[in-house]
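Note sheet for the following structure.
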Amino acid sequence: MKESRIRKRQIRSAFLRSRQGPIFLAGCCMLVVWIGAAAGLWQGGSSVWDDVLTVGFAHLLAGRAISIAQGTQIGLPKWLIVLIATHADITATFLIYPLFVYTYENFFEGRFFQTRMRPMLESAEKHVSGLRRFKVVGVFFFVWLPFWMTGIIIGSILGYLLRLKTWVTLTAVSLGAFAAVASWVYAYDILFTWLSRIHQEVPLVFTVLLIVGVIWYRIVRRRRERNGH
């Protein structure tokens, strides 16, 4: 038991000293900044602090479609939704990307990689051949285009598989995330404006149905993955 704890501490120490360590620490700092900003708004008496946390957590847990729809439905300014969603995207990437690279290079057969990281690797591998000749531009558009499984984290893994430099990969996916979020925000703004003309509560109903649809989609997908389909 004691040897296991020592081994885990050694692995964590080696990870933080690796070239992926500073990226992970930057992601931790970004997470602290986000929570600290919400705490500062709360301390200052602003009612926006809970929206900042809600939209951010929704983005991390459910994706940009739900978080942006929620932010638009509750009436947050478009620039604030873009800021929160983009910050959440980049934070998640700076936390997960270095973990993926480190475990892929050092613990490929390990349980953590096989259970947590391998599904993302397999998802990214499906797109490598099609984007190989486009390199940076391909990664950018992959993250930007608003389709399922074209998110920033899979995009960053694509950049790694395409052997792009780390800073090039992170820059490309960060810009792609900003473009994607901005596109979603303005598209939802147009859609919600149109829906509100039908009835004031229609945007809320749409948001609820969207959440239910995304949850149902993920449940079905996981069941198919477990059954090997």
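Report the extension gain between Gln10 and Ile219 in nm, rounded to one decimal, defined as 0.36 nm multiplied by the number of residues separating them, less their alpha carbon distance. Let's see the in-between values first.
Values: separation 209, 0.36 × 209 = 75.24 nm, distance 3.68 nm.
Computed gain between Gln10 and Ile219 is 71.6 nm.
With the cut-off at 1.5 for a/c, could you classify the stretch 122-184 from its C-alpha gyration tensor as rounded, prolate or oblate?
Numbers: a/c = 1.81, a/b = 1.29, b/c = 1.41.
Oblate shape, in that a/c is at least 1.5 and b/c is the bigger or equal ratio.
Taking the stretch 165-225, which chymotrypsin sites (Phe, Trp or Tyr not before Pro) meet the DSSP loop condition and have no more than 13 other C-beta atoms within 10 Å? Walk me through the intermediate numbers first.
Values: sites: Trp167, Phe178, Trp184, Tyr186, Tyr188, Phe192, Trp194, Phe206, Trp216, Tyr217; in loops: none.
In loop regions of the stretch 165-225 (DSSP not H, G, I, E or B), there are no sparsely surrounded chymotrypsin sites (Phe, Trp or Tyr not before Pro).
Assuming a viscosity of 1.002 mPa s and a temperature of 20 °C, what translational diffusion coefficient in µm² per second does Stokes-Einstein assign to the stretch 164-211, Rh being the Kirkwood radius over Cα pairs? Mind dumping the intermediate values first?
Working: Rh = 12.7 Å.
Taking Rh from Cα pairs, D becomes 169 µm²/s.
Under the Kirkwood approximation for Rh and a Cα-based Rg, what ratio Rg/Rh is obtained for the chain?
On the way: Rg = 19.2 Å, Rh = 19.1 Å.
In the chain, Rg relative to Rh is 1.00.
In nm, what is the difference between 0.36 nm times the number of residues separating Leu145 and Arg118 and their Cα-Cα distance? Display every interim value, and only then the final one.
Details: separation 27, 0.36 × 27 = 9.72 nm, distance 2.32 nm.
Taking 0.36 nm per residue and subtracting the Cα distance, the gain is 7.4 nm.
Summarise the accessible area of the chain (1.4 Å probe, protein heavy atoms) by the percent that is carbon and sulfur.
Numbers: 8820 of 13810 Å².
Whole-percent figure for carbon plus sulfur exposure: 64.
Give me the accessible area per residue for the chain, probe 1.4 Å, as a whole number in Å².
Details: 13810 Å² over 229 residues.
About 60 Å² of surface per residue is accessible.
Could you check the simple spin-label distance between Asn106 and Glu125, using points 7 Å along Cα→Cβ, in nm with one decimal?
2.3 nm
Helix 166-198: angle to the longest alpha-carbon principal axis of the chain, degrees 0 to 90, nearest 10?
20 degrees
How about Lys165: which aspartates and glutamates have a C-alpha closer than 16 Å to its C-alpha, ignoring those fewer than 8 places off in the same chain?
By straight Cα distance, Lys165 reaches Glu105.
Set the Förster radius R0 to 45 Å, insert the Cβ-Cβ distance between Lys165 and Ser47 as r into 1/(1 + (r/R0)^6), and round the FRET efficiency to 0.05.
Working: r = 43 Å, r/R0 = 0.96.
Plugging the Cβ-Cβ distance into 1/(1 + (r/R0)^6) gives 0.55.
For the chain, with a Gaussian network of springs between Cα atoms less than 10 Å apart, report the residue from Leu195, Leu99, Leu170 with the top mean-square fluctuation.
Residue with maximal mean-square fluctuation among Leu195, Leu99, Leu170: Leu195.
Ranking request for peptides 138-145, 23-30, 151-158, 53-60: highest mean number of other beta-carbon atoms within 10 Å first, then the rest in descending order. Write out the running numbers ahead of the final one.
Working: 138-145: 21.9, 23-30: 16.6, 151-158: 25.9, 53-60: 20.0.
Packing proxy ranking, top to bottom: 151-158, 138-145, 53-60, 23-30.
The values are calculated or read from the model by the stated rules, or taken from the named source; none is laboratory data. Everything quoted here is computed from the prediction, not taken from an experiment. Cβ atoms come from the backbone with ideal geometry, glycine included; neighbour counts cover every protein chain shown. The area values use the complete protein model at the heavy-atom level, side chains included, leaving out ligands, DNA and RNA. Shrake-Rupley method; radii C 1.70, N 1.55, O 1.52, S 1.80 Å.
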